[in-house]
1. Over the chain, calculate the relative contact order: mean separation of alpha carbon pairs under 8 Å at least 6 apart, over the residue count, as a percent.
2. Under the 0.36 nm per residue contour assumption, what length would be gained going from the current alpha-carbon distance of residue 12 and residue 24 to full extension?
3. Can you give the net charge of the other residues whose Cβ lies under 14 Å from the Cβ of residue 57, counting K and R as +1 and D and E as -1?
4. Add -39500 (n - 2.57) for each DSSP H run of 4 or more in the chain, then divide by its residues: what number comes out at 222 nm, to the nearest 500 deg cm²/dmol?
5. Just the number: Rg to Rh for region 1-76, Cα atoms, Kirkwood Rh, two decimals.
6. Please report the net charge: other residues with Cβ closer than 14 Å to the Cβ of residue 45, K and R +1, D and E -1.
7. With a 1.4 Å probe and every protein chain kept in, tell me what percent of the accessible surface of the chain is carbon plus sulfur.
8. Sorted by accessible area with a 1.4 angstrom probe, largest first, how do 40, 30 fall?
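The values are calculated or read from the model by the stated rules, or taken from the named source; none is laboratory data. Owing to the predicted nature of the structure, the values given are computational and were not obtained by experimental measurement. Note that we place each Cβ from the backbone using ideal geometry, even for glycine, and neighbour counts take in every protein chain shown. Note: areas computed on protein heavy atoms with side chains; ligands, DNA, RNA excluded. Shrake-Rupley method; radii C 1.70, N 1.55, O 1.52, S 1.80 Å.
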Amino acid sequence: MRENGILEEHQSPEFGRIRQPRPAARFDVTPSSIRKLAPTLGADNEAILGEVGYSADDIARLKNNHIVHAQLSRKKS
């Protein structure tokens, strides 16, 4: 696995060092790479709900009533 470079390492501000498989396909002219890590659960909720017309008060109410996930802050110390 190490010799073939199957795993890539990335740094996450929330979780530290993350290892994950690289994209399987390898192309000479257009190499693929992981540009950023996937968002954590709930990371985009506010932006998505805002785009479909929910107000900031509506979103806060949905979070307070546990209808949508409120993203937890996990700062690594």
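1. 28
2. Roughly 2.1 nm would be gained on extension.
3. Working: positive: 61, 63; negative: 46, 58.
The answer is 0.
4. -5500 deg cm²/dmol
5. Values: Rg = 17.8 Å, Rh = 15.5 Å.
We get a ratio of 1.15 for region 1-76.
6. -2
7. Carbon and sulfur together cover 51 percent of it.
8. Heavy-atom accessible area, descending, gives 30, 40.
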